[in-house]
Amino acid sequence: MDIVILVAAMVVVGLIVGWLAGLIWKGKRPIGAQGDYIAAVITAIVVGLVDWFVIPAMGFSDSLRNLGVALEPALGALLVLWIIRVAKK
């Protein structure tokens, strides 16, 4: 059940980051608004799941795992959207 909640939360985070990307980089949507949303959601889900499973396997505590799952998917999605914009120039 934790994984379902995690994936749902990462979908919401990805949608928010996709929306924020339009505000941060005004008028620069090389793959369109839908592309931003899709790229951000996929990145957030992948990074969130990697954090969920890899951080405990490395021996770190649950509180660090929760911190990583809370911050890294949003930052990772922003990074991917930025890389897409730079690559499309």
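Values in this text are rule-based calculations from the coordinates and carry no lab data. Only a predicted model underlies this, so the values are computations on that prediction, with no experimental measurement involved. Methodologically, a virtual Cβ is constructed for each residue, glycine included, from the backbone with ideal geometry; neighbour enumeration extends over all protein chains shown.
What number, in percent, do you get for the relative contact order of the chain if the mean sequence gap of Cα pairs under 8 Å and at least 6 apart is divided by its residue count?
Working: 96 pairs, mean separation 31.6, N = 89.
35 percent.
First measure r as the distance between the Cβ atoms of Ile16 and Val50, then evaluate 1/(1 + (r/R0)^6) with R0 = 25 Å and state the FRET efficiency to the nearest 0.05.
0.80
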Identify all aspartates and glutamates with a Cα-Cα distance to Lys88 below 16 Å; exclude those on the same chain that are fewer than 8 residues away in sequence.
Asp36
Using Rg/Rh (Cα atoms, Kirkwood Rh) as the read-out, say which of (i) 1.17; (ii) 1.04; (iii) 1.21 was calculated from these coordinates.
(ii)
Each label point is 7 Å from the Cα along the Cα-to-Cβ direction; what then is the distance between the points at Asp62 and Lys88, in nm?
4.2 nm
Nonlocal amide H pairs with Trp25, under 5 Å, H built at 1.01 Å
none
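About the Cα centre, and with charges only on the beta carbon of Lys, Arg (+1) and Asp, Glu (-1), how big is the dipole of region 2-87? Nearest 20 debye, please. Provide the component values of the computation, followed by the final result.
Numbers: 5 positive and 5 negative charges, 95 e Å.
About 460 debye.
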Per DSSP H run of n ≥ 4, the term is -39500 (n - 2.57); total these for the chain, divide by its residue number, and report the mean residue ellipticity at 222 nm rounded to 500 deg cm²/dmol.
-30000 deg cm²/dmol
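Set the Förster radius R0 to 30 Å, insert the Cβ-Cβ distance between Asp2 and Lys26 as r into 1/(1 + (r/R0)^6), and round the FRET efficiency to 0.05. Walk me through the numbers on the way to the answer.
On the way: r = 37 Å, r/R0 = 1.25.
Efficiency, rounded to the nearest 0.05: 0.20.
Quick check on packing: order 67-75, 43-51, 79-87 by the mean number of other C-beta atoms within 10 Å, highest mean leading.
Working: 67-75: 17.1, 43-51: 21.4, 79-87: 14.9.
In decreasing order of mean packing, 67-75, 43-51, 79-87 become 43-51, 67-75, 79-87.
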